[in-house]
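> Sharing a structure here in structure tokens format.
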Amino acid sequence: MNKPNFRDLKKLIKAVDDLNIAIKKIYGDRARQENNIKQLCNRIAGAQAKKELFNVSVDELKNAKAGIRVQALMEAGYNNLGQIAGATDFEIQAVNGIGEKQTEAIRGVITEFANSIASKVTIRLDADAVSENTADNSELITELANYINSEKIRRDAYEGVPNLDAYAQKIKGSGIIRNSFRWFFSSTASKQNTVDMAENIYEFCSSAFFERMIHIADQYQGASNTPQAEALELFKRNSADFYAILENLGNAVGNKPFVYDSIPAQLAEKINETELNLDGFRGNLRAYQVFGAKYILCQKKVLLGDEMGLGKTIQAIAAMSHIQITENENCHYLIVCPASVLINWDREIRKFSILETFILHGQTIEDSFDRWQVNGGAAITNYESMGKIVDRIDNHMSLAMLVIDEAHYMKNPDAKRTMYIRRLENESERILLMTGTPLENRVDEMCNLIDFVRPDMTKEVRNLANISHLPQFKESLAPVYIRRTRKQVLKELPEIDQELEWCSLTDIDRNNYRDAILNGNFSDMRRVSFLQDDMATSSKCMRLMELLELAESEGRKVIIYSFFRETISKVSALLGDQCIGVISGDTKMCTRQLLVDKLSDAPGGSVLVSQIIAGGVGLNIQAASIVVFCEPQIKPSLESQALSRVYRMGQVRNVLVYKLLCPDTIDDDMMLILEEKQVEFDNYADESVVAGAYDNIMDKEWITKAIEKERQKYLPMAL
């Protein structure tokens, strides 16, 4: 029997042991990271509280019942608690009649005030903050980035941890011989055990599993030590995750936002106590989103009316993820939505959950339905396709949840799509209607929707409709309808939220795009979905009109940007009177300002359409709070300059940014390279000469490769 190479064997055993310790440390570090975040939050809240003490009159000391000589303090020039907090004991005791005991009592009262104020401070993260607390703010953002990045690693490593630890313990308990001296004096059985175990260890250390765990450990080193600049960029790109963690770990009271309105305390308590298992969910939820997901699960058949931009889709996915994990069955979920957001739903579900998705639309609808029926998971269809699938579900399938997005589409009870959906009421254990359009004052529409999910409540709602201005009306809706606004739940009011609106190509979109590829016309390829004359056949325009409808319902004004003059002409013609004007390269500067002024005076829902270069500089367009980009731009600076026209001093509303994109087109590649270049570009002032080197995202070589890539995808289909 051949003696093992004990030097190599010892190295491998140590490698297994060290890796096991390193992987365990990934989880052990969680408490340390959480404590760091809490301490930073307390420090920032404490600093803010000290400032607020200057707004608290010294008269408040009269209520302390400690006999504090307030008048003497005021005569000595102490008018607020901030001044006293900054004074030394010697200075306070220099006031006539103030001794050590009085000073101690004063300090105690001020401490109580400071603690009370600190507990209510809402910490606002700002990657561009310039103040005395900038260092703490940046440090907190960095710690949150470390935590977010580390949690991703912890999720990736979770399933492998017990297997690695079990193997490390197996080695320790194997009785393996570890040196030549012991080998010489060991029995044949012990030697054979060592040979067998050594072979097993060699095999284990060469396995893909072992390599993957090493890779995870290496990744964690970077994830848990995020450079500050990288953390700030991560925050700018995705502040929602940062605030979600801050609400869970940070200032216990101050960063807990308003989560419900007009919901009776007993119902609110019942909802809060509802279990929400997020083991199958791959994201971070805000506090109001947790409450929303629990509301969906607790009430089962509801209408979620959160204002646009608050993540209704994420709440629905969180609820479905809970069902999938807790019921442990081959559950079926059906999402019905406008055709323009089919791709969005598919991407979001795959990004944030473990659910398999099936798009029931177009020529593959039958095959996709068959696979969904067998495998379970989330089927996503549009209103127009319901007639093709309803017969196969009605009386044949059971749905764990039926989700109706943009539910105001079924406000007409006599419409075919409404009747198709209503046929699934008995097949659906849970029904979620979603709409960002406020319905409280549209009683008939509200009642039609409520009649679908809770027909037992329709009569009561109609009876109370005449007093809809009273809290009693909203409270009566609490068991079935919940609506939160951004102002209510986003205390930090992030100035910019960006959404990628993926629009599935129509047949005409696809044919025109294929022609552009055939002609090798890169500019035409960039104008995908705006190449045809009839904008009613444009997938991007379909989604644009839906966004504008929501904008009008919320009283928001909109600016639409495109690089191409032909695109803005087609869009403005489509909008008609809703468009208050067009800014192009030919528009005189004085006329541009007149159009901006006109937008300021126009009603909510009004739209200004502009070429991005013409309207992206020199104008203040604070009247708009929604920005739509018709296509990805060739430079990060074009978008940032255009956004700065809207997001600037004087802007009173948070800004929502929507980018219209088509999957499997040049939009995909442009977005990928834009994201890479944006990080580089943001490290430089956009006025600097150096910035130009990081601004242009494409050259002739890139364009040639991009055209060829699209040619390979589309032209074989045309042959």
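The values are calculated or read from the model by the stated rules, or taken from the named source; none is laboratory data. Small disclaimer: the values here were computed from a predicted structure and weren't measured. Note that we place each Cβ from the backbone using ideal geometry, even for glycine, and neighbour counts take in every protein chain shown.
> On the given criteria, is ARG212 in the same structural domain as ARG154 (by TED's automatic domain parsing), farther than 13 Å from LYS3 by Cβ and of a type in the set (D, E, K, R)? First the steps, then the outcome.
On the way: in the same structural domain as ARG154 (by TED's automatic domain parsing): yes; farther than 13 Å from LYS3 by Cβ: yes; of a type in the set (D, E, K, R): yes.
Yes, satisfied.
> Right, something else. Say we look at segment 421-478 and pick out the residues that are hydrophobic (A, V, I, L, M, F, W, C) and modelled with pLDDT under 75; which of these is nearest to LEU548 (Cα to Cα)? Break it down stepwise before answering.
First pass over segment 421-478, keeping only residues hydrophobic (A, V, I, L, M, F, W, C): 421, 424, 431-434, 439, 443, 446-447, 449-450, 452-453, 457, 461, 464-465, 467, 470, 473, 477-478.
Applying the additional criterion that residues be modelled with pLDDT under 75 yields 439, 443, 464-465, 467, 470, 473.
Numbers: LEU439: 17, VAL443: 22, LEU464: 31, ALA465: 28, ILE467: 30, LEU470: 30, PHE473: 29 Å.
Here the residue is LEU439.
> Given the structure, is LYS588 out of contact with any Gly (no Cβ under 7 Å at 6 or more places or on another chain), basic (Lys, Arg), surrounded by fewer than 16 Cβ atoms within 10 Å (Cβ to Cβ) and in the same structural domain as MET542 (by TED's automatic domain parsing)?
Values: out of contact with any Gly (no Cβ under 7 Å at 6 or more places or on another chain): yes; basic (Lys, Arg): yes; surrounded by fewer than 16 Cβ atoms within 10 Å (Cβ to Cβ): yes; in the same structural domain as MET542 (by TED's automatic domain parsing): yes.
Against the criterion (out of contact with any Gly (no Cβ under 7 Å at 6 or more places or on another chain), basic (Lys, Arg), surrounded by fewer than 16 Cβ atoms within 10 Å (Cβ to Cβ) and in the same structural domain as MET542 (by TED's automatic domain parsing)), LYS588 qualifies.
> Where residues in segment 377-397 are aliphatic (A, V, I, L, M) and in a strand (DSSP E or B), which of them is surrounded by the fewest Cβ atoms within 10 Å (Cβ to Cβ)? It would help to see each step written out before you state the result.
Of segment 377-397, the ones aliphatic (A, V, I, L, M) are 378-380, 386, 389-390, 393, 397.
Among the residues that remain, those that are also in a strand (DSSP E or B) are: 378-380.
Numbers: ALA378: 27, ALA379: 24, ILE380: 27.
Here the answer is ALA379.
Conditions (1) hydroxyl-bearing (Ser, Thr, Tyr); (2) under 28 Å from PRO4 (Cβ atoms), marked per residue:
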residue: SER116; (1), (2): yes, no
residue: ASP136; (1), (2): no, no
residue: GLU139; (1), (2): no, no
residue: TYR158; (1), (2): yes, no
residue: TYR167; (1), (2): yes, yes
residue: ASN179; (1), (2): no, yes
residue: SER190; (1), (2): yes, yes
residue: THR194; (1), (2): yes, yes
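> If you don't mind, another one. Look through segment 589-624, keep the residues that are of a type in the set (A, V, I, L, M) and farther than 23 Å from PRO636 by Cα, and return whichever of them is modelled with the lowest pLDDT. Quick ask: steps written out before the conclusion?
Start the filter on segment 589-624 by keeping residues that are of a type in the set (A, V, I, L, M), which leaves 589, 594-596, 599, 602, 607-609, 612-614, 617, 619, 621, 623-624.
Then keep just the ones that are farther than 23 Å from PRO636 by Cα; that gives 589, 594-596, 599, 602, 607, 623.
Details: MET589: 69, LEU594: 87, LEU595: 90, VAL596: 85, LEU599: 90, ALA602: 91, VAL607: 95, ALA623: 81.
Here the answer is MET589.
> Only one of these conditions is not met by ASN20: (1) within 31 Å of the chain's Cα centre (by Cα); (2) crowded, with 19+ Cβ neighbours inside 10 Å; (3) not β-branched (Val, Ile, Thr). Which number is it?
(1)
> Follow-up. Six or more apart or on different chains, Cβ under 6 Å: which pairs go from a residue in segment 47-64 that's over 12 Å from ALA85 (Cα atoms) to one that's in a helix (DSSP H, G or I)? Could you list them?
Short answer, once both residue conditions are applied: LEU61/VAL70; LEU61/VAL109; LYS62/VAL70; ALA64/VAL109.
> Here is a further query. Can we say ARG527 is under 25 Å from ARG592 (Cα atoms) and surrounded by fewer than 21 Cβ atoms within 10 Å (Cβ to Cβ)?
Numbers: under 25 Å from ARG592 (Cα atoms): yes; surrounded by fewer than 21 Cβ atoms within 10 Å (Cβ to Cβ): no.
In short, no.
Residue by residue, here is whether (1) modelled with pLDDT under 95; (2) part of a loop (DSSP other than H, G, I, E, B); (3) aliphatic (A, V, I, L, M) holds:
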residue: GLU247; (1), (2), (3): yes, no, no
residue: ASN284; (1), (2), (3): yes, yes, no
residue: ALA316; (1), (2), (3): no, no, yes
residue: ALA319; (1), (2), (3): no, no, yes
